[in-house]
Each structure stands twice: as structure tokens, then as C-alpha cells.
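Working notes, structure below.
The values are calculated or read from the model by the stated rules, or taken from the named source; none is laboratory data. Since this is a predicted model, take the numbers as computed values, not measurements. Note that we place each Cβ from the backbone using ideal geometry, even for glycine, and neighbour counts take in every protein chain shown.
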Number of protein chains: 4
Amino acid sequence: MAGSTRLPRYAYLGPAGTFTEAALRQIAGPDEAQYLPMVDVVSSLEAVRSGRADFAVVPIENSVEGGVTATLDTLATGQPLVLLREVLVPVTFVLAGRAGTELADVTRVSTHPHAWAQCRRWFNANLPAAMHVPATSTAAAAALLAETPPDHDPGFDAVLVAPLSAELYALEVLADHVADNETAVTRFVVVGLPGELPAPTGSDKTSLVVHLPSNEAGALLEMLEQFAARGVNLSRIESRPLGDLLGRYSFSIDAEGHLAEERVAEALIGLHRVCPHVRFLGSYPRADGAATNASPGTADADFEGARRWVESLRAGSTPT
Amino acid sequence: MAGSTRLPRYAYLGPAGTFTEAALRQIAGPDEAQYLPMVDVVSSLEAVRSGRADFAVVPIENSVEGGVTATLDTLATGQPLVLLREVLVPVTFVLAGRAGTELADVTRVSTHPHAWAQCRRWFNANLPAAMHVPATSTAAAAALLAETPPDHDPGFDAVLVAPLSAELYALEVLADHVADNETAVTRFVVVGLPGELPAPTGSDKTSLVVHLPSNEAGALLEMLEQFAARGVNLSRIESRPLGDLLGRYSFSIDAEGHLAEERVAEALIGLHRVCPHVRFLGSYPRADGAATNASPGTADADFEGARRWVESLRAGSTPT
Amino acid sequence: MAGSTRLPRYAYLGPAGTFTEAALRQIAGPDEAQYLPMVDVVSSLEAVRSGRADFAVVPIENSVEGGVTATLDTLATGQPLVLLREVLVPVTFVLAGRAGTELADVTRVSTHPHAWAQCRRWFNANLPAAMHVPATSTAAAAALLAETPPDHDPGFDAVLVAPLSAELYALEVLADHVADNETAVTRFVVVGLPGELPAPTGSDKTSLVVHLPSNEAGALLEMLEQFAARGVNLSRIESRPLGDLLGRYSFSIDAEGHLAEERVAEALIGLHRVCPHVRFLGSYPRADGAATNASPGTADADFEGARRWVESLRAGSTPT
Amino acid sequence: MAGSTRLPRYAYLGPAGTFTEAALRQIAGPDEAQYLPMVDVVSSLEAVRSGRADFAVVPIENSVEGGVTATLDTLATGQPLVLLREVLVPVTFVLAGRAGTELADVTRVSTHPHAWAQCRRWFNANLPAAMHVPATSTAAAAALLAETPPDHDPGFDAVLVAPLSAELYALEVLADHVADNETAVTRFVVVGLPGELPAPTGSDKTSLVVHLPSNEAGALLEMLEQFAARGVNLSRIESRPLGDLLGRYSFSIDAEGHLAEERVAEALIGLHRVCPHVRFLGSYPRADGAATNASPGTADADFEGARRWVESLRAGSTPT
């Protein structure tokens, strides 16, 4: 890299071959970005906070397992970070081993616990004797297998990994399409420091963390009412314990629309007034490109017209 | 009154001695204003629209009979008028007749139908044989009795009127404290053309007419939600048929607070967006002087703080 | 009429020729019933309470003027009465006078205040000099005109009445189709003592009077929620002051459906628990024959299935 | 064990020394029950389904990490199981190693990922160089360390475990009170086959799994309304993806109260009607002994009174 241009630096859960790397490749090819593999999600996000990376690519939600706790919790507190983009990566595993391994001989399978969770039923049906050997990432398991001398036991017989890993580490695929759910997909987000918001596209999401004023059902209804009163639909809502007491919750929310839109801004103004804590995690384009649902009376022009009307009333005219 | 100053002209339901005149006297004494007696509420309000009067004083709600239909309906359509002030007048009747009339001889009682309605039980208990002879106002009945020559039958034996009427028309009081409900009170309002709003006092009302998007229970819930989401309490809500079809309604609403307050302005912005028709009928001081109920997070400062927060988010900073 | 059979006795607002009589004729012809004309709505209803009549036919709602206060209030308190049926009568007036009266000469018009209110705009446009002379019913005005000797002044020049009245009292029609609203209609109800409910037809209404626990917007929302949680739609909701204090209201409600239906019964159970007062005013067929709107999951079978499910859970099985 | 009595068999996440065993000891001492250690939560629950165990003790919620996914998901589908009791276990860790290990030398720490997650900040502050070596349970890490010959490297330097584990496996405590949150607590539940429900105590919980009819905010509001309309408060609500599509959710709910109580039964009847799927997971005493919050009008007597009232209305009497 010559001259004044520096390639953007992306922190991600490494090593090479993880699903996260597959997500990163959708965003910026290896020749368009510096890849900074990290040991975990928290380290990836902290790299952005500390300035060692410009962006982090991290998983935030899995269609089978739900929200990724480490990501949600790291974003929810500490120095502010914002989401800038999302990408979807289908979750397909292969079971891979050293050359010569027979599927029937596999009893110890190393992989990340989330991967194991997503294939439990497959193993019950196909390899009921298989036991799980936890690894810090699917690719780490593949790397360890590839690096262990052939005459040493790495502690397991096979790895459950992304197809890319098997390829990168030259492992033999013992079974492919290993998954309990063929349509499983993981959502990854690009995270950066706060700055100019991505421009609204008409197909956007706004992510938030909201604490409730109390732990009553009524408080949740009241919070949802702030969205409903402005016609803002939610595409995701997940409770997370606040960690101080059992029964107190924070809500991780994806609302349809962009902060630049009036109805989203108004909903946030309402939340800020009635909730003890609201953290804005960004407005960014949806990966699926679906247009935002907007009920009648909730377009920007409706808000502007209504505001002009109230202004004229305040000024003493009664235009009705 | 010398020189260029003209006393303000007040239209009201006459003739002299009506409850409406009693209300008017609370607002402006006979030496501070020109009193313009009118034949009915509609004429009083039209006098303001046509410029013949500066203000009208009209009854808007009775604690026993409810909203005054003619007032509510005339305000709800046609050239805009606004409420500027309210006053409360206790409803106490006397039964009065010509000198020499015996209470036991009274069988025909002339009065306005609303007055009759408010004393039905008293008559059932005390003068069960009495029949109602309708009049256009309580004072009109008194005036007719006073003006009828002693040897002519005015068509009734006694009148049910305000104490002031009996005094003004020199009638003999046959029974006082005639009322089914000793605490009954009528609310009158001063109505004028739109102009500068009365200053907020911390004890204000905002009156509105709102049409619903449909006749479903859900539509009413949605409308109320616009108030609830901003913590605005309602002190009165009355349905009125729209007149085009059975089952379609308009709502006459008094909300606590002043349009100059953010939470009221925001609620109106919301209503304007989601309801097919909203008419603002003014923000004005409450007669009872009770302070507005305001739940936490709904002060002007809360709205301003929340708006600044959203503005800063839009500008790319994340202050939380 | 021979033997043991007695014709049912119907009390109604007389005299002959009122709109109420027109409603009664839709229900039972003069040879099928005894007609008992009464001086007002309250007397009609009291005749049922005292046993002098089997039924009363009274107006309950007008598409222009709204709920009929005297009817609603008399039903809301005192000895229980129930609605058994409803009929709709179009509101069309004629202006009628003695033979030889010229329309242009009419300046004094006698009629019931509600009739006057519904033709105000017509008079403003066609007879702007006309003044209102109140009568206790439209037919009473017609009767008085017919009974006054030709050389006496009844106090007015013409009457505003139902076409039937002009015919019955042999008056000359000076103008017909007198109305501000050509589609106006009045809803009448047949009222009786509580007893076996009319059978459900699939097109029914249930009428109620409900007091709110407090005068806050939240209380109204909570009350509406009891209907919404069972998918019961409201076809009419009107507030009426409780009469003790300004700002406290009772609600007069027509809900879609019949008490024999589970979702209506459940909504009433909920109201009875959370509201300080609920009065049931009957379940009866709708005049318009429209089928009840029922959202998914609110049929009787859904309630029965859900209840059996909960019973089985309580018994220790978990059928899911 | 002689004679006809067999000690109840409890499956739990082993090996000896886990937090789950600490929970089990609160429920039944080693001489009152057969302890059946299992490799994971799913196996523990399946042991009850298959009849190999009478009960399972499994973690269901952690005050820091939230719901335990494997437990919630296994309970949510498959053969029905119910919760019978809950117990709380404070989460306190020790860092332990072989005799002679120095805290400063520790760079590789083996433990269960959840334990690691709950001590991340402690390690950042005290042993920033420490890396995580995943284990299937905290106790498994301790056992492996204890069983590895002194001259072999188990692959890590220390274990992060419950105090009980360090004691059981005779390890040296290098640091105690290791935790990011001193008040952290894990909630465990006793799970069995459906049968007679535990008797209501006035301090009970009812656990449910509820699917929403659609993924809109309105659907969530509607579901919460079924609780609110009966005054049932929620002590926990967590969304879980349905696994078929991103954005579709199931809700895991703890409601206050017992199915034997009317308001809870009614809420379930409502949910069963309007939600595509509801699974009852039991009514059982709360560990904290707090009395159920019950708003006015929601006692069993209120429901019974309201039901009798509706029954009498249906029978034709009007008791109001």
C-alpha cells in the first residue's frame, strides 16, 4: 500500500476460515481491506474502541440460537459503537477429519458450542456416540487438527466446521450438509465508531437497547406503545437480564426504519422520556432489502404537515 | 365610556336573568361590557362569527345533563371559533309564580327542558301532578309570566327559574332549592375568534373535536393511545354522532394542559396524523384552578432533552 | 278478543301520530296490541316498571342528535329493564298548518326541540324569520293546532311534524321533505322486564351501562381492553356524566354479539371485575341484520376448546 | 436400598462438584436421592422423558447471562415436561490449580464458557494475558486437572470452578471471589413428567412458551393484553427465535400466580385462543417466597362473583 491511502482494518473472529470471515468477505475482499483476526467477539469490538481496527465484523443473531450474547452485551455498555451494515451468511457445516478417517470411527468432535448446538439432532441420528470437545471457534478446531502432527492425538477425531475451513486447512470432508435446520442463517454486522449515519435507503433498521422503568408487564406495554403510537414496527425484540437482579431486563430491539425518518425519531424521543436508559446502536440498510412497512399517517410529510398545523394553532390561526 | 374605546360586546342566551347571564356577570360586569341577549346558543355563537359580538358566553356542559349539544355541534363545524375561558355556575332553581299563587295549586310549570330534566325527581316527590310546559329559556318563562296581564292565563301556573330571574321579574318564590342534585353545576365558556392563545397557567385545558378513522373499538383505543403515549390525561370525553350514519362518531375531548406545552402539542401532532379530522377549540385556564397532572418524563424539559439527544444522534455523536 | 288472551300492552310517547307510534306500528299493528300513549319517555318506561304496560317503545338514538338522554338515563338506574328488539324509523318532517295558511306567512313554528334542531338549517335557508315554539312532542303540536278553534290563536302558525301526524289531524302540508339531513334515522327499542333473553341470531347487539373506576384516560383504555381481549367490537359508545361531579362519566355501550356467545359473556365477566358498576340492558337482534364481526379465535368453539385445554392442564395432563 | 421403597432418581449436569449439584443438594441430600450425573442439560431432561430418571435438576436462568438456551429449547418442544420447583444458587467462582501453581503464571484457564463469560472483566483486570480453554462443565475441568498425571500438561494451567469443585478435587485455590458481579445467582428448576400440579402457595409462578401469530409489534401487544386484561403480572419474558426464519419468535414467559387461580387460568384460555401455540410448563412455588401481586378485582372470588352474575343474566334475571 503506497501513498496516503491505507486499507480499512477489519477485526473479526479468527482464525482464517470462520463463518465470520465468510461474512467479512462479503463486505470487503482480502485486497480491499486489512483482515485482523481476533480471539473472540469482545476483542473484535474492543479493537474498534481502542483504534486498532476501523471496523469489526461480528455475529449478532443466529436463526436457530438467537441473539449472540457477547455481541449484544458488549455493544450495550461501555464506549459507544454503532452498527453500519448487516450481512447474512447461511449456516452449513461439514464434518471433516484427517485423510483416512472413517465416519463410523468418529466419537470425539471438536467445534464451537454454538455449532454443536445446531447439529445436535443430526449427531443423535447419524453418530449417536459422538461427544462434543469444545473449541473457541469452528476454525480453531480445524486449525488445531491441521497443525497437530499425524502421530499425535489432538484430543478429537473430527471437526464440525464451515466448508471454507475444511478447504483452507486441507481436511477431508466426512459428511456435508450437517445441520438440524437446512435454512439456518447467521446475521453479521459491521460495527464502527459513531459518525455520520449511513444514508436512509427505504429499507433500513434501527437498533436499540432499552431498559424498562420497572419489571412489570405494564412497563413493557408502555414501551411498545411508544413505537405503536408512531406506527413503527419491530423486526426483533429480545430481553436480556440487566445482571443486577433476577427479573430485571433490558430489551435489545431492531425497529423498522431509519433515524432520519420522523416516525423513528419520534419513537426514540418518546423512549428517551419514559425509559431510564436508551442506547442507540445505529440505523443501517437491511440485508434482505425489504421495504419498510409504514402505516398511513406515518410518512415524513405527515409529521411535517401535523407539525406545521400545530405551529399555526400556536400562532393563533385555526386552519381546519 | 369616552373617546375611542368601545366596551367589548358579549352575546349570550337571554333574556335578562338566565343562568348564562349569571355566568357572564362573573366575566364582565354590566359596566365593563355590552350585553347582547340572543335567542339561543347558535345565534350567540353566530354573532361572534359575523362580527356583531366580540365574544359569546355559552353553556358547554352540565354536571347532570352532560354536554350541551347545540354548543358542541356549532363549535365543531363551520367557521373556526376558540374557547378562551371557562366559568362554573351552580344550578339552583326556584319555583316562582304571581303573587298569591299557592304551591299546592301548581299543575303547569313552564321552563326550559334541561331545567325540567334536572328537577324531575323533585316534582315527582313534591308536586306529582305538575306537567311541563316547554319554554325556550328559564328566563323567557319568567318574562312571559311577568308580562302577561293578571287576568290572562299565560298557559302555566308557575315557572322553574334561576333565583336571579325571580328577583328581576318580581315573582313570588313558592319553593327554593328545587333540584334533584344539590351539587349540580353548569360549565360556561367564553368563545371568540381565533387569535393569540391565553397564556399557559399550569392549570389549563385544551378542547378538541376528533373524528375516528373507523367505528371500531380498536380505532378508539388507537386515538386514546396518542394521548397516553405522551402522558396527557383527559378530563372529558364525549361521543357525538357524525350525523351521516348511525354508528359513526366524533369525540369531543378536554385534555389536561395547554397547547404551549410539549406533551399536548405532540399528542395533537399524533392525532392529526392518524385521525381523519381534528379541530382545535382552544387552550385556556381551568375554572377549578387544579394543577395539571403530569407523569414523569412529560415536562417540556424532558421533550427538549429527548429532542436534543435525537438531534445529536442524527449528527453522528452517541451521547449515552 | 275473546277468552283468556289479552293483547300485549305497549306504552309509547303519544299522542297519536308521533314517530314513536310509527315505530310501534312496525312492531305490532293496532289489532295486535293495545296502544297506551304516554306523555314522555320516562312515563313510558315507568309504565312497564309498574306493570301497567307489558312493553314500552322508546327512541334511544338519533343519527343526528345522538343518544336520547331521557331514555338512556331512565334505563341506567332504578328497577332493571331490558331491550328486546330495535327498529329504525327514517326521520322526515312536513311543515303543516290550517287550511289556507301560506308558507310565506309562517313565523311561529311549534314542534319538539329535537325536531327543531334537526331542521335548523332548512329554516335558516327557507324561512329565516321563523321562531321555535316548544312542544312536548311533534304530534302534540299537531293535536293542539287541530283542536284550537279556528278563531283562536294557538300561539303558532304551523307545526313541524311527521307525515303521519299531518294526515291524522287533517292538516295542510305547506312543505314536505323538511330536514337538514335526508338520511336521518331514529333508532327505537322495545323495552320490557327482565326474563328469557331473545334467542341469538348471529346478528345481535348487547347493550350495557358501565361506570369507570376513575376519570383517567387510562381507565377508559382498561375498560376497552376488556372488550378487545375477547375480540368484541363496539357499535356505539357514548359518555354520560354521572351527575355527581363534573368530569365523572358513565358509558353507554352497544357491543356486537349476544350474551349467549362466549366472547360477550367473557367480556362482561371482565367488566364486572374491574368496573365499579355494570348494568346489562339486554341482548337482542340488530335492526340492520348485519352479521357480527368475529375475529379468529373468538368463536364459542374456541373458548370451549381453550377451557378444556386448561382443565386438562389442571388435571395434570399436558396436551400440547 | 431394601424393600419396596426406591429413592427418587435425579438427573443433573455432572460430574460431581458442579453448580447443578449444589442446587440438587438443596432439594434432596445424597442420602435421600439417587444422583445421576449427565453430560449435559439435554441429556438430563431426556433421562426424565425416557424414564431413566424421575426428575432432572437443570439451570434455567442466570442473572448475568440470561435464559439457558439448551434448557428452554428442550422444554419448549418434544415430549411434555413440567417444572415442579425452583432453587437459587449464588454464583461464586474460585480459580484453582495444582499445588504450587502461582497465580501470576496462569495463562490458560479451563472452564465452561458461561463461567468464563461471567468473569471476563475480572480476568481483564487481574490476569489480562489469560486465555480461555473451553470445557463442557466447570467441574469437568477440575476433574480433568485432578486426573492428569503431574508430569503431563492437561492443556491449561488453572480452572475456574465452584468452591465445591476445588474442595472435592483437592485443588489449590489461587484466587477466590472471582466474579464480575458479586450478586450473580443462577436459578435451577426441578423438572418432571406431567402429573398432579404442586399445590398453590400464594407465592407461585406459571411458566409458558407462547408463539406469536405474526412478527409484528402489534401481535406482542395483543399477547401481553391477554395477561393485562386479567391483572396477571409477568416476572420474566424472553424471546427465542423459532428457528425457521429470522425475525419469528417464541416467548418464554414466567407469569405470577398458579394455574389453580382464576386469573391465570383465564389468561391461558385467552392465549390459547389467539396464539398459534401455547405450551404450559408448570405452576410451582417461587424460590424467593414473594407473595403474588394481585390487582383489585382479580381474586378467585371476583371471578366467581362475575361468573355467577353473567349466569343469572343469561337466565333472565338482572341483579344490578
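Yes/no per residue for (1) under 19 Å from C:Pro285 (Cα atoms); (2) buried (at least 23 other Cβ atoms within 10 Å of the Cβ); (3) facing another protein chain (nearest Cβ under 10 Å); (4) in contact with a Leu (Cβ under 7 Å, 6 or more places away or on another chain):
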position	(1), (2), (3), (4)
C:Ser44	no, yes, no, yes
C:Val68	no, no, no, no
C:Thr74	no, yes, yes, yes
C:Gln79	no, no, yes, no
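Restricting the first member to the stretch D:266-282 and to residues that are under 20 Å from D:Leu83 (Cβ atoms) and in contact (Cβ under 8 Å) with a residue 24 or more places away in the chain, and the second to residues that are charged (D, E, K, R) and buried (at least 24 other Cβ atoms within 10 Å of the Cβ), the beta-carbon pairs closer than 6 Å and six or more apart or on different chains are D:Ala267/D:Arg230. Those strands (runs of 3 or more DSSP E) of the stretch D:86-177 in which 2 or more residues are within 28 Å of the chain's Cα centre (by Cα) and in contact (Cβ under 8 Å) with a residue 60 or more places away in the chain occupy D:93-97, D:158-161. Take the conditions at pLDDT 90 or above, buried (at least 22 other Cβ atoms within 10 Å of the Cβ), in contact with a Lys or Arg (Cβ under 9 Å, 6 or more places away or on another chain) and closer than 20 Å to A:Pro37 by Cβ and apply them to A:Val189. Does it pass? Taking the combined requirement at face value, the residue satisfies it.
Filtered by the rule that a residue be in contact with a Pro (Cβ under 6 Å, 6 or more places away or on another chain) and not in a strand (DSSP E or B), the stretch D:178-200 gives a lone residue, D:Pro194.
Within the stretch C:201-225, the set of residues being more than 30 Å from B:Leu234 (Cβ to Cβ) and touching a Ser or Thr at 6+ places or on another chain (Cβ under 7 Å) comprises C:Gly202, C:Ser203, C:Asp204.
Hey, among D:Phe251, D:Phe227, which residue is under 21 Å from C:Thr298 (Cα atoms), at pLDDT below 95 and among the aromatic types (Phe, Trp, Tyr)?
On the way: D:Phe251 fails: under 21 Å from C:Thr298 (Cα atoms).
So the residue among D:Phe251, D:Phe227 that is under 21 Å from C:Thr298 (Cα atoms), at pLDDT below 95 and among the aromatic types (Phe, Trp, Tyr) is D:Phe227.
For the stretch B:148-162, does any single residue satisfy the condition of being in the same structural domain as B:Val274 (by TED's automatic domain parsing), touching a helix residue (DSSP H, G or I) at 6+ places or on another chain (Cβ under 6 Å), within 29 Å of B:Val48 (Cβ to Cβ) and not aromatic (Phe, Trp, Tyr)? No, the stretch B:148-162 contains no residue that is in the same structural domain as B:Val274 (by TED's automatic domain parsing), touching a helix residue (DSSP H, G or I) at 6+ places or on another chain (Cβ under 6 Å), within 29 Å of B:Val48 (Cβ to Cβ) and not aromatic (Phe, Trp, Tyr).
Can you name the residue in the stretch C:289-320 that is polar (S, T, N, Q) and closer than 12 Å to D:His272 by Cα and is also modelled with the highest pLDDT among such residues? Give the steps one after another, and end with the answer.
Filtering the stretch C:289-320 down to residues polar (S, T, N, Q) leaves C:292-293, C:295, C:298, C:312, C:317-318, C:320.
Going one step further and asking which of them are closer than 12 Å to D:His272 by Cα, we end up with C:298, C:320.
On the way: C:Thr298: 90, C:Thr320: 49.
Among those that are polar (S, T, N, Q) and closer than 12 Å to D:His272 by Cα, it is C:Thr298.
I'd like to know if the stretch A:275-290 contains one or more residues that are facing another protein chain (nearest Cβ under 7 Å), of a type in the set (D, E, K, R) and in contact with a strand residue (DSSP E or B) (Cβ under 7 Å, 6 or more places away or on another chain). Yes, because at least one residue in the stretch A:275-290 is facing another protein chain (nearest Cβ under 7 Å), of a type in the set (D, E, K, R) and in contact with a strand residue (DSSP E or B) (Cβ under 7 Å, 6 or more places away or on another chain). Contact map, the stretch A:26-50: first residue assigned by TED's automatic domain parsing to the domain that holds A:Ile60, second residue part of a helix (DSSP H, G or I), Cβ cut-off under 6 Å, separation 6 or more or different chains; pairs are A:Met38/A:Ser44; A:Val41/A:Ala70; A:Val41/A:Thr71; A:Val42/A:Ala70; A:Val42/A:Thr74; A:Leu45/A:Thr74.
In a residue-by-residue description of the stretch A:159-169, the property of being buried (at least 16 other Cβ atoms within 10 Å of the Cβ), in contact with a Phe, Trp or Tyr (Cβ under 6 Å, 6 or more places away or on another chain) and either of a type in the set (Lys, Arg) or away from chain D (no Cβ under 12 Å) (or both) applies to at least one position. Please determine, by comparing only the residues of the stretch C:54-70 that are more than 17 Å from C:Pro194 (Cα to Cα) and among the β-branched types (Val, Ile, Thr), which one is farthest from the chain's Cα centre (by Cα). My answer is C:Val64. Would you confirm, using the coordinates I've provided, whether C:Leu83 is crowded, with 20+ Cβ neighbours inside 10 Å and either assigned to a helix (DSSP H, G or I) or in contact with an Asp or Glu (Cβ under 7 Å, 6 or more places away or on another chain) (or both)? Considered against the rule, which asks whether it is crowded, with 20+ Cβ neighbours inside 10 Å and either assigned to a helix (DSSP H, G or I) or in contact with an Asp or Glu (Cβ under 7 Å, 6 or more places away or on another chain) (or both), C:Leu83 comes out as no.
Picking from residues in the stretch A:193-224 that are farther than 17 Å from D:Leu220 by Cβ and at pLDDT below 85, the one that is surrounded by the fewest Cβ atoms within 10 Å (Cβ to Cβ) is A:Ser214.
Table: residues versus (1) crowded, with 17+ Cβ neighbours inside 10 Å; (2) away from chain B (no Cβ under 14 Å); (3) modelled with pLDDT of 90 or more.
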site: C:Glu102; (1), (2), (3): no, yes, yes
site: C:Pro113; (1), (2), (3): yes, no, no
site: C:Gln118; (1), (2), (3): yes, no, no
site: C:Arg121; (1), (2), (3): no, no, no
site: C:Leu127; (1), (2), (3): yes, yes, yes
site: C:Ala130; (1), (2), (3): yes, no, yes
site: C:Ala142; (1), (2), (3): yes, yes, yes
site: C:Pro149; (1), (2), (3): no, yes, yes
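On inspection, D:Thr69 passes the criterion of being polar (S, T, N, Q) and outside the structural domain of D:Leu164 (by TED's automatic domain parsing).
Considering only the stretch D:170-206, how many residues are touching a Gly at 6+ places or on another chain (Cβ under 7 Å) and more than 12 Å from chain C (Cβ to nearest Cβ)?
Residues in the stretch D:170-206 being touching a Gly at 6+ places or on another chain (Cβ under 7 Å) and more than 12 Å from chain C (Cβ to nearest Cβ): 6 in total.
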